[in-house]
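Student: Can you read through this structure? Questions will come right after.
What follows is calculated from the coordinates using simple rules that are stated; it is not laboratory data. Bear in mind the structure is a predicted one, so any value in this text is a computation, not a measurement. No Cβ is skipped: glycine too gets one built from the backbone with ideal geometry, and neighbour counts run over all protein chains shown.
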Amino acid sequence: MTVRGTVPKSLLRSLVVLGLLLPALLPGSLFAAGDMERGAEPDPRSIFLDAWKRLAAGSSVDLDAVTAELGDYPLTPYLQWQALRHRMHSASADEIRRFTERYPTLPVTSRLEFQWLLQLGRAARWREFLDADNGRHGGATLDCYRLRALEADAGIDDGWIEAARELWTVGYSQPEACDPVFAVLYERDLLTPERRWERIRLIMTANDTRLARALRGRLSAEQQGRLDSWLKVAGAPARSLSDPDFEPDTEWGRQIVEDGIRRLAVRDRDAAGRLVEQYADLLGPSTVGVLQRRIALRAAWSRDADALELLDALPASAVDSQVREWSARVALGRQDWERLLRAIWALPSGEQQRGEWRYWKAEALRRTGQREQAGILLAELARERSYYGFLAADAIGSPYSLNHRPATAGNSELDALMERRDLLRAHELNALGLQEEARREWHAAFARLSADERRRAALLASRWGWHDRALHAANQSGLTNDLALRFPVVWPERYRQHAEEHGVDPSLVYAISRKESAFTPDARSPVGALGLMQVMPGTARAVAERLGMPRPAQSTLVDPDINLRLGVAYLAEMLERFDGNAILAVAAYNAGPSRVERWQEANAGQPAAVWIENITFAETRDYVKSVLAFRAVYDWQLRGESRSLAGLMPTMPSPGEALPGLALYEAGKP
């Protein structure tokens, strides 16, 4: 039926229920595209989505007519926002003001305000900018527009000058909007030589030599010479500092020496150590300690043979919690159990209580003959649901403590929550496949809920099949023991199909998806990985070619079915490459197979749990632990019981070394 006037709440609830009943891979396919072609009366979602798409494409839409037809449909304001943002250059201040006053709590309202201020700033409409500026929006671009508006309105004063100086004195490039502000500082000579050099110091410390060169002309002749010397040191610190062409015995000279040694510590720590000795009297004990700490930590990170000795030799002033932690890590990597015990005891008390150090303390006690104490620690840790809790349970032969406690809420409580317009908007946006807008609406609504309402919201999102938001809400509301919410079994047929096709354990596939994206279908990482299994576009193209699939576009990688197929196929390739060793395959899925082969070579023969701790990258180290723990939880979800992590914990082989008789992955059915 064509909706006119006000849509009753009962109809809105019916839309929600209908969305739950219709089978779909993605929430966005709740209504068939051909409804109108078959002569069906348009429903509110179809009317909205048609107008939304036309507005996004830049087509004209009779918003008054569409708004009248939609009536009380909760997403109507989004059409007005879409129309305003696409004609921002011609919108009036009154139109923007009316929207923001009418819909102050919509997430898009803040975005519209921000975009409007940017538009006014770009057009140099300074009086309108000041009238529209409510002070809620920041960032360098708006900060500079604000100063330009104030200058145009009332000129500059001491406060203006200081704000402009603060924007200028940073170790990175500022946006073009700031150029006119900085031009005032230059033209009126409002930047002292000391401040100009301070910015150079910040920029060089941030290793932006290109920006430093760009600012060279703003320096005095003497300062230009200093910068030239610093740039030479940055490019070749060992050679330049061995026989410097500048005066080290000055404040700025010591800055250059310290920065050069800091850079060299990453490239050649032995050479850096020699330079620390050469310049020790010049730099002073405090700076020497800072540099020695950097060298020692780099050696520890690289697992160099003398790392412990370097850490032990640090002056007391340079020993902090990070140094103590790395002393424990290096001792663990060497399996020096006596030393590990001492290192753990030296950790801050809060660090000692982490599951990681409780487990390794127990293992060190066991290895040094103190089995009773070790057993007490392991029994306590085994009561926890975690990677180390599972290792502890394996060590004492006890079942895993999943500690599942499902949350409950009555239908009336969930129905009451569904009456909220903000949550209805979030659901409708998600149902239409507008997932970015849906998440923004959800988070804005969630922030306004009480503690009890947040717990019910997690259950409501789960009822809607919106698993990534259910998971998020469970984590944020304290429902950490509801495993159905936090480890959902989503799209079981598709996961099973792709896992069986490639002979991969479904629990492992679920665990990787849970870690990679928390089941957010359109997840995008800062480095460009996409979708449920966070597949990199280059990897996706290579795997697709090997599978005989069409070359996937980035837009298709957020399709769960395509993403799962490619992600599972790549995981299968890693398992095959590493002879079925799930630990190596999971590490390679995250860090790449070449790196894993280097770690394999460096740490061959170690027990698997120790090998994992010796993974160089903290991200990959934590990733492997999380995936192994998540696999145990998904075993319980799919099979009714968890398989032991001990089955995945052999002595780690060298590259090419076979693991006869070891079945480390399987395509078992849930």
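Student: Full-extension gain between Met536 and Arg551, please, as 0.36 nm times their residue separation minus the C-alpha to C-alpha distance.
Tutor: Extending this stretch completely gives an extra 4.1 nm.
Student: Could you please state, rounded to a whole Å, how far the C-alpha centre of region 634-648 is from the C-alpha centre of region 337-383?
Tutor: A separation of 25 Å, based on Cα centres.
Student: What percentages make up the Cα-Cα pair-distance distribution of the chain when the bins are 20 Å wide from 0?
Tutor: Using 20 Å bins, I get a P(r) of 14, 36, 39, 11, 0 for the chain.
Student: Stokes-Einstein D for region 247-310 at 10 °C, 1.306 mPa s, Kirkwood Rh over Cα pairs, in µm²/s?
Tutor: 135 µm²/s
Student: Each label point is 7 Å from the Cα along the Cα-to-Cβ direction; what then is the distance between the points at Arg267 and Asp245, in nm?
Tutor: 1.6 nm
Student: Run the helix sum for the chain: -39,500 (n - 2.57) per DSSP H stretch of 4+ residues, divided by residue count, reported at 222 nm to the nearest 500 deg cm²/dmol. Please report the intermediate quantities before stating the final value.
Tutor: On the way: 39 runs with 427 residues, N = 670.
My calculation for the chain gives -19500 deg cm²/dmol from helical runs alone.
Student: For region 128-173, what is the per residue volume of the convex hull drawn over the alpha-carbon atoms, in cubic angstrom?
Tutor: In region 128-173, the Cα hull volume divided by residue count equals 76 Å³.
Student: Relative contact order for the chain: what percent, with Cα pairs under 8 Å and sequence separation of 6 or more?
Tutor: Relative contact order, the chain: 9 percent.
Student: When the Cα centres of region 90-120 and region 441-499 are compared, how far apart do they sit, in Å?
Tutor: That distance is 32 Å.
Student: Oh, and also: Only counting other Cβ atoms within 10 Å, I'd like Lys515, Lys625 sorted with the fewest neighbours first.
Tutor: Working: Lys515 22, Lys625 25.
Fewest to most other Cβ atoms nearby, the residues stand as Lys515, Lys625.
Student: Find the all-direction average of the projected area of the Cα convex hull for region 206-348, expressing the result in square nanometres with one decimal place.
Tutor: Average projection, Cα convex hull of region 206-348: 9.3 nm².
Student: Whole-Hz ³J(HN,Hα) for each residue in region 219-231, computed from phi via Karplus 6.51 cos²θ - 1.76 cosθ + 1.60 with θ = phi - 60°, x for glycine and proline: what do you get?
Tutor: 9, 5, 4, 5, 5, 4, x, 4, 4, 4, 5, 5, 5
Student: Continuing with the same structure: Write down the radius of gyration of region 369-474 and its Dmax, each obtained from C-alpha positions, in Å.
Tutor: 20.0, 63
Student: Expected output is a single nm value to one decimal: the length gained when fully extending between Asp189 and Arg496, i.e. 0.36 nm times separation in residues minus the C-alpha distance. What is it?
Tutor: Values: separation 307, 0.36 × 307 = 110.52 nm, distance 6.91 nm.
The span from Asp189 to Arg496 would gain 103.6 nm if fully extended.
Student: Using a Debye calculation, one point per C-alpha and no hydration shell, please list log10 I(q)/I(0) for region 492-648 at q = 0.09, 0.13, 0.16, 0.17 Å⁻¹ in order.
Tutor: -0.27, -0.57, -0.88, -0.99
Student: Something else: Size of the dipole of the chain about the Cα centre, Lys and Arg at +1 and Asp and Glu at -1 on the beta carbon, nothing else charged, in debye to 20? It would help to have the intermediate numbers written out before the result.
Tutor: Details: 86 positive and 91 negative charges, 163 e Å.
Magnitude of the dipole: close to 780 debye.
Student: Using the basic label-point model (7 angstrom from Cα toward the beta carbon), what is the Arg383 to Ser173 distance in nanometres?
Tutor: Going from the Arg383 label point to the Ser173 one covers 5.8 nm.
Student: Along the Cα→Cβ direction, 7 angstrom out, place labels at Ser450 and Asn475. What is the inter-label distance in nm?
Tutor: 2.7 nm
Student: Also: Can you tally the lysine pairs in the chain where the Cα-Cα distance is under 29 Å and the two residues are eight or more apart, or on different chains?
Tutor: Numbers: Lys9/Lys53; Lys361/Lys515; Lys361/Lys625; Lys515/Lys625; Lys515/Lys669; Lys625/Lys669.
Summing the qualifying lysine pairs gives 6.
Student: Each residue of region 520-529 in turn: what ³J(HN,Hα) in whole Hz from Karplus with 6.51, -1.76, 1.60 and θ = phi - 60°, glycine and Pro shown as x?
Tutor: 8, x, 9, 4, 9, 8, x, 8, x, 5
Student: Work out from phi, with θ = phi - 60° and the Karplus expression 6.51 cos²θ - 1.76 cosθ + 1.60, the ³J(HN,Hα) of each residue of region 128-134, listed in order in whole Hz, and give x for Gly and Pro.
Tutor: Computed from phi, the couplings for region 128-134 are 5, 4, 5, 5, 7, 6, 9 Hz.
Student: Between region 131-159 and region 206-250, what's the alpha-carbon centroid distance in Å?
Tutor: Each part's Cα centre sits 35 Å from the other's.
Student: Another question, then. Hey, fewest Cβ within 10 Å first, where do His89, His498 land in order?
Tutor: Starting with the residue having the fewest Cβ neighbours, the order is His89, His498.
Student: If you don't mind, there's one more thing I want to ask. If you stretched the chain out fully between Ser60 and Arg102, how much longer would it get, using 0.36 nm times the residue separation minus the C-alpha to C-alpha distance?
Tutor: 12.8 nm
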